[in-house]
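Participant: Take a look at this one; I'll ask things after.
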Amino acid sequence: MKAAEKLDVREVRRKLGLNQQQFWSKLGVTQSGGSRYESGRNIPRPVQQLLRLVHVEQIDVAKVRREDFEVVEYLKSNDPDLFKSLKKQARSSIRKAA
């Protein structure tokens with residue numbers, strides 16, 4: 001989800017068949033806060049990213065460990081070419097599976 005890309009969160013939630021409580025609680029957002037976002041209030045970038053990971057990419061963030069982030073940060077700073085290559089391969093793999 002790029003910065004210029006506007007995601008209709010209400011539509012995503014409805015397609016998943018979740019009520020506001022179910023949808024937003026997975027992100028640590030209250031139902032009332034989620035309702036405001038669905039009504040057009042700007043969604044903070046961290047919430048946008050969590051929404052993309054949890055509801056669009058279908059990643060179980062409970063399974064992501066601190067070490068995973070440490071490896072990503074290490075690769076980004078110490079071997080950016082390898083990081084870009086792995087990222088490209090992962091995206092390609094996901095597209096083929098879909």
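Every number in this text was worked out from the coordinates using simple rules, so none of it is lab data. Every value quoted in this text rests on a predicted model; they were computed, and no experiment measured them. Methodologically, a virtual Cβ is constructed for each residue, glycine included, from the backbone with ideal geometry; neighbour enumeration extends over all protein chains shown.
Participant: Answer yes if at least one residue in the stretch 55-63 is out of contact with any helix residue (DSSP H, G or I) (no Cβ under 7 Å at 6 or more places or on another chain), in a helix (DSSP H, G or I) and either over 28 Å from residue 36 (Cα atoms) or without any contact (Cβ under 8 Å) to a residue 12 or more places away in the chain (or both), and no otherwise.
Facilitator: Yes, some residue in the stretch 55-63 is out of contact with any helix residue (DSSP H, G or I) (no Cβ under 7 Å at 6 or more places or on another chain), in a helix (DSSP H, G or I) and either over 28 Å from residue 36 (Cα atoms) or without any contact (Cβ under 8 Å) to a residue 12 or more places away in the chain (or both).
Participant: Take the residues of the stretch 31-50 that are under 26 Å from residue 64 (Cα atoms) and surrounded by fewer than 13 Cβ atoms within 10 Å (Cβ to Cβ): which is farthest from the chain's Cα centre (by Cα)?
Facilitator: 44
Participant: Within the stretch 56-84, track down each residue that is surrounded by fewer than 10 Cβ atoms within 10 Å (Cβ to Cβ) and of a type outside the set (Asp, Glu).
Facilitator: 58, 62, 63, 65, 66, 77, 78
Participant: Condition (residue is touching a residue at least 12 places away in the same chain (Cβ under 8 Å), polar (S, T, N, Q), surrounded by 13 or more Cβ atoms within 10 Å (Cβ to Cβ) and under 23 Å from residue 91 (Cα atoms)) applied to the stretch 17-29: is it met by at least one residue?
Facilitator: No, the stretch 17-29 contains no residue that is touching a residue at least 12 places away in the same chain (Cβ under 8 Å), polar (S, T, N, Q), surrounded by 13 or more Cβ atoms within 10 Å (Cβ to Cβ) and under 23 Å from residue 91 (Cα atoms).
Participant: Is it the case, given these coordinates, that residue 60 is over 27 Å from residue 17 (Cβ atoms) and not aromatic (Phe, Trp, Tyr)?
Facilitator: no
Participant: Being of a type in the set (A, V, I, L, M) and closer than 23 Å to residue 9 by Cα is the filter here, so list the residues in the stretch 65-96 that pass it.
Facilitator: 94
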